[in-house]
Amino acid sequence: MSISMDTVSYWLAFGAIGMSLGSLAILALTSKLRDADRHHGYVALAITLIAATSYFAMWQNVGNITVNGHTLQLARYIDWTITTPLLLFSLLAVGLPSIKSSKSAWTTGGLLVALIGLDIFMIVTGLIASVVNTDQQMPWYVFSCLALVVITLLLYNTVYKLSKKLLKPAASKLYINLTVFLTIIWVAYPVVWILGDTGTSTISTVSENMAYAILDITAKVGFGLLLIAGLMDLTGKIKPKKDVSTIDAAAK
Ligand code: RET
C-alpha cells in the first residue's frame, strides 16, 4: 500500500509536532535541574530532537523505500538505532552511580555495553525482517524479539539487583518505576510490527503510523519528563552537596 495517504501524513506531522513540543517541555524542566544533574535532561532532549527530525523526514517522504510491495520508512529505523540506546543509557544513568564514583565500574560499563549491543541487534534484525521475503521474515523477527526479552531480563534482574546494592532505596525505586514504564511501552512495538504492513497487514497503514506515533511520543517525551520529574523528587529526598549529582549522592 502506498503511504503518501493524507491520514498517514497527518500522524507523521502529529509525531513531528509532538516531539518538538515535547523537546520544549524537556528543555524547560531541564533548566530547573541542578547543574550537576543537567546531563539527564540533555540526553532526554537529544532523544526527542532526533525523533522530531525523523518524523519530519517521514512526513516529507524522505527515506521511504519500496520493498516487496510495501513502503518501508527507513527514517524510523535510523531513529530507533540511535535513540533506543540513548534511552537505555538514560535509564542506567538513573539506576547506577556514575562509572567514576562506582565501586563496580567494570560491571556497570559492561552492562551498558551489553544492553546497547543487544538493543542495536534488536533494531537491525527487525530491519532485516522488514526487508526480506515474507517466507524468510520469521527467524529475523524472532531474533529481534529474543534480544528484547534478554534486555528486559537484564533490566529487571541484573541491573536492578546492582542498583539496590549500590544505591539508596529511593534511587533504586525510581529506577525500577522507570524500567516498568519503559518495558511496557517497548513490548508494544513488536505487536504493532506484526499487525502492520511489515507483518500480517491486519491493521491499516494509518493505524500502524498512529500507533507508532503515540508509542514513540510516550517512550521518548513521556519517559523523559517522568525521569526528570522523578530525579527532582529524589534530589529533595537525598539533599546532595552542590557539585555532586543526585545519583552519585544516593550511592551507599
Ligand atoms: C521491531 C520489529 C521486530 C521485533 C521487535 C521490534 C522492537 C522494536 C522496539 C522499538 C522501540 C522503539 C522506541 C522508540 C522510541 O521512540 C524492530 C519493531 C522486538 C522495542 C522505544
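The values are calculated or read from the model by the stated rules, or taken from the named source; none is laboratory data. Quick caveat, the model's predicted, so the values are computed rather than measured. Accessible surface areas use protein heavy atoms only, side chains included; no ligands, DNA or RNA. Shrake-Rupley method; radii C 1.70, N 1.55, O 1.52, S 1.80 Å.
Taking all pairs of distinct Cα atoms, average 1/r, flip it, and tell me the Kirkwood hydrodynamic radius of the chain in Å to one decimal place. Result for the chain, one decimal place: 18.9 Å. Across region 242-252, coupling constants 3J(HN,Hα) worked out from phi with the 6.51/-1.76/1.60 Karplus curve, θ = phi - 60°, read 3, 8, 9, 5, 4, 5, 5, 5, 7, 5, 6 Hz, and Gly and Pro carry x.
Leaving out ligands, DNA and RNA, what percent of the accessible area of region 5-249 is carbon and sulfur, probe 1.4 Å? Kindly include the intermediate steps, with their values, before the conclusion.
Working: 8010 of 11070 Å².
Of all accessible area on region 5-249, carbon and sulfur atoms account for 72 percent.
If the limit is 22 Å between Cα atoms, which of K103/K241; K161/K252; K32/K241; K161/K220; K32/K220; K32/K165 go over it?
Pairs exceeding the cut-off: K161/K220; K32/K165.
Summing -39500 (n - 2.57) over the DSSP H runs of n ≥ 4 in the chain and dividing by its residue number, what mean residue ellipticity at 222 nm do you reach, to the nearest 500 deg cm²/dmol? Numbers along the way, then the final one.
Working: 10 runs with 180 residues, N = 252.
Using -39500 (n - 2.57) per qualifying helix, the result is -24000 deg cm²/dmol.
If the viscosity is 1.306 mPa s and the temperature 10 °C, what Stokes-Einstein diffusion coefficient in µm²/s follows for region 4-111 when Rh is the Kirkwood radius over Cα pairs?
Values: Rh = 15.8 Å.
Once the numbers are plugged in, D ends up at 101 µm²/s.
Taking amide H positions as modeled 1.01 Å from N, with prolines and chain starts lacking one, the residues under 5 Å from L167 and 5 or more places away or on another chain are K252.
Membrane-span-like helices in the chain (whole DSSP H runs, Cα extent of at least 27 Å along the helix axis, mean Kyte-Doolittle hydropathy of at least 1.6): 105-131. Both radii are taken from the alpha-carbon atoms of region 131-227; with Rh as the Kirkwood radius, Rg/Rh is 1.08. Protein heavy-atom accessible surface, 1.4 Å probe, per residue over the chain: 46 Å².
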